[in-house]
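Report on the structure given below.
We did not get these values from a lab; they are worked out from the coordinates using the rules stated. No experiment lies behind these values; they were computed from the predicted model shown. Cβ: placed from backbone, ideal geometry, glycine included. Neighbour counts: every protein chain shown.
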Amino acid sequence: MNGSSGGSARNRRLDPTVARRTPARRYRVLRKTVVKALNHPVPPVRKSSPPRVSVLKRVEGFIDEMLVLIPHVVVRLGS
């Protein structure tokens with residue numbers, strides 16, 4: 001064989017001659033991302049973002065006021 005040892009995935013991953021461009025194109029990521037993934041056997045823990053605040057939270061009181069002042073508006077929940 002031509003220097004590869006058995007063809008296992010780990011050996012290919014550690015082999016510096018394996019191209020980084022092909023998987024980068026296939027998965028549509030940067031080559032730098034491919035190198036990071038190949039250097040770490042377990043992916044890093046993802047950061048969780050804080051819960052998002054409702055967009056209507058700022059105007060909620062105003063909407064409630066409008067509904068009280070205009071009694072003929074019918075509010076239907078669902079369809």
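For the reader, a short list of remarks on this structure follows.
- Three-way shape label, the range 19-66, alpha-carbon gyration tensor, a/c 1.5: prolate
- Label separation (LEU67 vs ARG20): 5.5 nm, computed from points 7 Å beyond Cα along the C-beta direction.
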